[in-house]
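Worksheet: one structure, shown below.
The values are calculated or read from the model by the stated rules, or taken from the named source; none is laboratory data. Predicted, not measured: the structure shown is a model, and the values here were computed from it. Cβ: placed from backbone, ideal geometry, glycine included. Neighbour counts: every protein chain shown. All accessible areas refer to the heavy atoms of the entire protein, side chains included, with ligands and DNA or RNA removed. Shrake-Rupley method; radii C 1.70, N 1.55, O 1.52, S 1.80 Å.
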Amino acid sequence: MTDQAFVTIKNAAKSFGKLEVLRDINLTVERGQIVAIIGPSGSGKSTLLRAINELDPLTSGEVWLEGVQINKKLPHRQYEAHVNQVRQDIGMVFQHFNLFPHLTVRGNITLAPTMLKGLSDADANALAEEQLAKVGLSEKIDEYPSRLSGGQKQRVAIARALAMKPKVMLFDEATSALDPELVDEVNLVMKQLAEEHMTMIIVTHEMDFAASVCDRVLFMDQGVVVEEGPPSVIFEKPEHERTRNFLRKHLSR
Amino acid sequence: MDTDLILRVYPFFLEAAWVTIQLSVLTALLGLCCGALGAAARMSRLAVFRWIGAVYVSLWRGTPALIQIFILYFGGPQIGIQLDSFEAGTIALGVNIGAYMTETIRGAILSVDKGQTEAARTLGMSRWETMRKVILPQAARLMIRPLGVNINALIKGTALVAPISVVELTYTAQRFIGSTYKPFEMFLIAGLLYMVIIYVVGHGINWLDRRARIT
Ligand SMILES: Nc1ncnc2c1ncn2[C@@H]1O[C@H](COP(=O)(O)OP(=O)(O)OP(=O)(O)O)[C@@H](O)[C@H]1O
Ligand SMILES: [Mg+2]
């Protein structure tokens with residue numbers, strides 16, 4: 001296991017019934033690396049991301065995080081306990097935020113840490129304040145999510161994920177549901193995380209953002225990784241016709 | 001209209017209304033218990049429980065409540081279940097409305113956005129923690145109105161225990177018709193009293209629903 005990267009995906013395949021969504025995917029991410037996954041709609045980007053934290057378990061293949069296999073085959077009870085444990089180390093941010101509407105911003109952030117890590121109320125509050133300060137929303141701590149803008153919601157969702165002190169953060173089109181003028185504030189928070197060397201895997205349709213923040217870019221199409229490399233290579237001199245076609249459509253905008 | 005007669009009989013009707021209220025409250029409570037258990041069974045990870053839940057719902061919704069009451073009250077002694085008419089009526093009606101409430105509760109839980117479960121599970125919360133802290137608080141708000149519809153039906157349904165001689169509103173009306181031959185007045189009083197009960201409960205449910213709205 002010593003030769004393994006921080007995050008390792010080996011020979012991953014996934015089918016929904018008869019539909020093959022991922023085929024023979026291999027991916028390694030080093031600690032502190034930032035990887036972007038790009039590709040056309042339906043190419044399996046979300047599925048791959050969701051396989052990393054067992055939201056959509058792989059049909060075959062392996063997922064490892066820091067020497068621990070995430071998708072171990074275990075009897076149900078042990079599997080549940082294992083998954084609940086490893087998920088604490090994997091933060092995830094969704095396109096539609098998925099904030100808990102019945103809880104305040106504070107409640108959203110403190111719910112999991114208090115329940116799973118047994119934090120005292122005081123410690124949990126301090127944690128919420130700290131995380132909110134990081135995303136620049138300290139003054140919203142007692143608001144309910146319905147009173148926030150989309151950009152603010154997403155920043156709270158990021159703070160909520162960070163409050164679990166994850167080892168890696170997964171972003172599934174974190175800015176796709178936002179009005180254009182709200183995209184920057186979320187990108188800014190993600191850039192800041194990049195500067196702090198958070199390990200991140202980012203599914204995105206924003207090529208500029210991927211080019212400026214990420215160390216590596218994966219281009220996926222029809223369930224396979226067509227090519228991967230540093231942004232300078234993928235965006236400027238991609239090898240494959242499929243990549244060029246995709247980029248032509250997305251960069252021209 | 002014989003107002004004199006109404007004045008003479010109305011104390012009996014008030015007493016009967018009290019019985020109807022007791023029946024309604026007990027039935028609602030039993031129904032909520034059966035509904036919660038039924039919904040848990042219907043949504044269980046284990047196929048056996050899902051099957052038991054499905055059978056419960058389809059049998060109890062697929063047969064007349066009156067038959068269920070008769071089976072328990074008249075048929076019960078044959079298999080060693082001896083209940084007085086109030087007990088039999090309450091249990092039969094409660095279990096009956098529980099089948100409807102099972103679907104109401106399940107529907108409310110299922111209508112909470114799937115993203116909520118995903119967000120909670122992603123943070124490391126277990127299935128049960130997610131249910132308790134994220135899904136149920138949201139589902140509870142969503143189920144107040146539809147449960148109100150069930151309770152409205154249940155209050156009117158209490159009239160079905162009249163044939164087994166529970167001295168509630170409908171039975172009382174029928175009994176006085178036997179001695180007074182004034183069905184119009186008797187059923188009118190009973191109907192008005194049902195209306196008052198339903199009106200008050202309906203307002204209570206609206207009040208709860210308004211209070212539970214997410215700000
Ligand atoms: N739960 C599911 N059941 C069945 N099919 C699914 C499921 N989730 C995804 N799929 C299918 O798998 C394929 C890949 O979907 P996925 O969501 O991973 O694509 P994507 O690359 O994220 O696309 P987009 O850019 O539109 O988000 C699609 O054909 C999709 O219809
Ligand atoms: Mg997607």
Selection count, segment A:40-61, where residues are in a loop (DSSP other than H, G, I, E, B) and either within 14 Å of ligand 2 (Cβ to nearest atom) or in contact with a His (Cβ under 7 Å, 6 or more places away or on another chain) (or both): 7
Considering only segment B:79-176, give the helices (runs of 4 or more DSSP H) lying wholly within it that have at least 3 residues that are under 12 Å from the mean Cα position of the chain (by Cα). B:85-110, B:136-157
Which of the residues belonging to segment B:114-134 are aliphatic (A, V, I, L, M) and open to solvent by less than 10 Å² (accessible area, probe 1.4 Å)? B:Ala119, B:Ala120, B:Met125, B:Val134
Which of the residues spanning segment A:131-148 are in a loop (DSSP other than H, G, I, E, B) and among the hydrophobic types (A, V, I, L, M, F, W, C)? A:Val135, A:Leu137, A:Ile141, A:Leu148
Return the only residue of A:Ile9, A:Ile37, A:Ile25, A:Ile109 being within 30 Å of A:Gly136 (Cα to Cα) and part of a strand (DSSP E or B). A:Ile37
Can you pull out the residues in segment A:149-173 that are outside any helix (DSSP H, G or I) and away from ligand 2 (no atom under 16 Å from the Cβ)? A:Ser149, A:Ala163, A:Met164, A:Lys165, A:Pro166, A:Lys167, A:Val168, A:Met169
Hey, A:Ile109 within 28 Å of A:Leu65 (Cβ to Cβ) and at the interface with chain B (Cβ under 8 Å from one of its Cβ atoms) or not: no
Within segment A:223-243, how many residues are open to solvent by 70 Å² or more (accessible area, probe 1.4 Å) and either under 18 Å from A:Lys45 (Cα atoms) or of a type in the set (Ser, Thr, Tyr) (or both)? 2
Which ones in segment A:174-222 are within 15 Å of ligand 1 (Cβ to nearest atom), crowded, with 22+ Cβ neighbours inside 10 Å and more than 14 Å from chain B (Cβ to nearest Cβ)? A:Thr175, A:Ile202, A:Val203, A:Thr204, A:Ala210, A:Val217, A:Leu218, A:Phe219, A:Met220
What is the one condition in (1) touching a residue at least 12 places away in the same chain (Cβ under 8 Å); (2) surrounded by fewer than 19 Cβ atoms within 10 Å (Cβ to Cβ); (3) within 14 Å of chain A (Cβ to nearest Cβ) that B:Arg211 does not satisfy? (1)
Listed by first then second residue, the pairs whose first member lies in segment A:88-109 and is open to solvent by 30 Å² or more (accessible area, probe 1.4 Å), whose partner is within 16 Å of ligand 1 (Cβ to nearest atom) and among the hydroxyl-bearing types (Ser, Thr, Tyr), with beta carbons under 6 Å and at least 6 positions apart or on separate chains, are A:Gln95/A:Ser176
Residues in segment A:153-173 that are within 19 Å of A:Ala112 (Cβ to Cβ) and either within 16 Å of ligand 1 (Cβ to nearest atom) or β-branched (Val, Ile, Thr) (or both) total 6
